[in-house]
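Heads up: the structure comes next, in structure tokens.
The values are calculated or read from the model by the stated rules, or taken from the named source; none is laboratory data. Owing to the predicted nature of the structure, the values given are computational and were not obtained by experimental measurement. Ideal geometry is used to build each Cβ from the backbone, glycine not excepted, and the neighbour counts take in all protein chains shown. Accessible surface areas use protein heavy atoms only, side chains included; no ligands, DNA or RNA. Shrake-Rupley method; radii C 1.70, N 1.55, O 1.52, S 1.80 Å.
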Amino acid sequence: MSKESAETDFIIVGQGLAGSLLAYLLLQRGKKVQIFDAPEIPSSSRVAAGIFNPVTGRKLVKTWMADELFPFLEQFYLELEDVLQVKFFHQVPIYRPFPNEEVQEYFKSDKVPENFADFATIEFENIAYQDLVNSQLGGVTTKQSGWVDLKILLDAFRAFFRQKGVLFQENFNPESALSNNCKTIFCEGFQARVNPYFNYLPFNPVKGEVLEVTIEDINLDTIINQGAFVVPLSQNTFRLGATYSWHELDFIPTHQGKEDLLMKYHKLMKPNLAVIGHLAGVRPATKDRRPFIGIHPDFPQIGIFNGLGSKGVSLAPYFATQFTEFLLFGKELSPEVNINRFTSLYLRAGNS
Ligand SMILES: Cc1cc2nc3c(=O)[nH]c(=O)nc-3n(C[C@H](O)[C@H](O)[C@H](O)COP(=O)(O)OP(=O)(O)OC[C@H]3O[C@@H](n4cnc5c(N)ncnc54)[C@H](O)[C@@H]3O)c2cc1C
């Protein structure tokens, strides 16, 4: 049930990464905010590995908007560490061993973009990781990469919002949004599929599983990524992930998921490991691989900040800031993220 009063400017539904950043920016700009977060609805932010990486794919091309997003996220998270007084932002390289000679040949060729050295270095022998990684072909080490400890970040936000008296740990019924006198922004992650106002949007949710593991006698402060990723959390403890499945979209870890991850690990890495934890979540991905941000086509008092897919850590700072400026000052939203690109779908579904 809403605690909305004449004093409230914005209700934010969801305290995952999306809702936390948006609520934080609105509060910073002096707005009265209330946040609703249902403890019984799982959050994919609390499962995520939190990796940010400007280059992807076999040929390691720059990701969408990398030149804007990566400098922005660095400054944003560093400032946030100061405000929240916690360390959660880990800037570490990602080593991507070449999986085979064909990929190695590509990186020896003149097809590699000229500015590649700006964001990665290339080695044609595996010297640094020869005791750890199976491939001896060398690989690429990316810069401007790392991981965000989302559990630490979200717990710190939870304490910050509680201390301001703006967090209500309860379910928000979407139907109640229209009767409130303030704007309601839904940041519900995967749960948006049952929101009656936004279920016309073409989501493409993807289940993912991760393991927490220990590896003895290892000295590794780099993320290793090829088929699977191994993220150093603390001495001897690592996150191993992730699976991708478009079926059984729930938060239940599976035997199959664990076996897949262990198989990929042993293909990539030499040392043995012990599993100490296993989590599953659902990425709020979208059919066109771009976020869903904006205001409902018929109801100006409700909006959405969602669709962060598997790149929430890279996308959320930039687009939470852009959406805040849109909400407060009417600045333009990037057309690629604005949900008005799907108004025809909304109308076709028999609305308006
Ligand atoms: C296995 C796995 C690995 C991943 N790895 C990475 C990675 O390495 N890097 C990366 O950038 N991203 C990664 N992701 C993706 C990342 O988790 C998402 O992009 C991001 O966390 C989504 O955040 P969100 O706030 O939109 O959703 P969520 O974190 O799911 O938050 C939604 C919140 O809304 C609340 N809620 C929903 N409905 C209601 C309601 N009606 N009332 C009250 N509260 C409600 C829920 O309780 C929840 O807290 C991964 C995801 C998975 C599953």
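When residues in segment 257-275 are screened for being within 16 Å of the ligand (Cβ to nearest atom) and open to solvent by less than 20 Å² (accessible area, probe 1.4 Å), 3 of them pass. Here Asn180, Asn100, Asn173 are screened, and the one residue that is within 12 Å of the ligand (Cβ to nearest atom) and not assigned by TED's automatic domain parsing to the domain that holds Val231 is Asn173. Annotation: of all residues in segment 27-40 being surrounded by 23 or more Cβ atoms within 10 Å (Cβ to Cβ) and closer than 22 Å to Val148 by Cβ, the one that is farthest from the ligand (Cβ to nearest atom) is Ile35. Among the conditions (1) buried (at least 18 other Cβ atoms within 10 Å of the Cβ); (2) under 22 Å from the mean Cα position of the chain (by Cα), Asp221 misses just one, which is (1). How many residues, within segment 234-256, are within 17 Å of the chain's Cα centre (by Cα), open to solvent by 10 Å² or more (accessible area, probe 1.4 Å) and within 15 Å of Ala49 (Cβ to Cβ)? Total meeting the criteria: 4. Just the residues that are more than 9 Å from the ligand (Cβ to nearest atom) and either surrounded by 17 or more Cβ atoms within 10 Å (Cβ to Cβ) or in the same structural domain as Val230 (by TED's automatic domain parsing) (or both), please, taken from segment 52-62. Within segment 52-62, Pro54, Val55, Thr56, Leu60, Lys62 meet the criteria. What are the residue pairs meeting all of these: first residue in segment 27-47, first residue farther than 16 Å from Arg158 by Cβ, second residue part of a loop (DSSP other than H, G, I, E, B) and of a type in the set (D, E, K, R), Cβ atoms under 7 Å, and 6 or more apart or on different chains? Short answer, once both residue conditions are applied: Lys31/Asp9; Lys32/Glu7; Lys32/Asp9. Residues in segment 156-199 that are under 12 Å from Ile304 (Cβ atoms) and either aliphatic (A, V, I, L, M) or out of contact with any Phe, Trp or Tyr (no Cβ under 9 Å at 6 or more places or on another chain) (or both): Ala177, Ile185, Gly189, Gln191, Ala192, Asn199.
What do you reckon, is Asn351 surrounded by fewer than 21 Cβ atoms within 10 Å (Cβ to Cβ), in a helix (DSSP H, G or I) and more than 16 Å from the ligand (Cβ to nearest atom)? So Asn351 does not fit the description; no.
Quick check on this structure: which one of Asn180, Asn199 is touching an Asp or Glu at 6+ places or on another chain (Cβ under 6 Å) and at pLDDT below 95?
Asn180
Please indicate, with yes or no, whether at least one residue in segment 41-51 is away from the ligand (no atom under 16 Å from the Cβ) and surrounded by fewer than 19 Cβ atoms within 10 Å (Cβ to Cβ). Within segment 41-51, none of the residues are away from the ligand (no atom under 16 Å from the Cβ) and surrounded by fewer than 19 Cβ atoms within 10 Å (Cβ to Cβ). A search for C-beta distances below 7 Å between a residue of segment 48-71 that is more than 23 Å from Val206 (Cα to Cα) and in a loop (DSSP other than H, G, I, E, B) and any residue that is of a type in the set (Phe, Trp, Tyr) and within 14 Å of the ligand (Cβ to nearest atom), counting only pairs 6+ apart in sequence or on different chains, returns nothing. Total residues in segment 191-213 satisfying the condition of being within 10 Å of the ligand (Cβ to nearest atom), more than 21 Å from Arg341 (Cβ to Cβ) and open to solvent by 20 Å² or more (accessible area, probe 1.4 Å): the figure is 2.
Look at Val83 and say whether it is under 18 Å from Phe160 (Cβ atoms) and surrounded by fewer than 17 Cβ atoms within 10 Å (Cβ to Cβ).
yes
Restricting attention to segment 309-340, the residues that are more than 15 Å from the ligand (Cβ to nearest atom), in contact (Cβ under 8 Å) with a residue 12 or more places away in the chain and farther than 24 Å from Lys31 by Cβ total 1. Search segment 139-171 for residues being assigned to a loop (DSSP other than H, G, I, E, B) and closer than 13 Å to Gly19 by Cβ, and hand back the single one that is most open to solvent (accessible area, probe 1.4 Å). The extreme case among them is Gln169.
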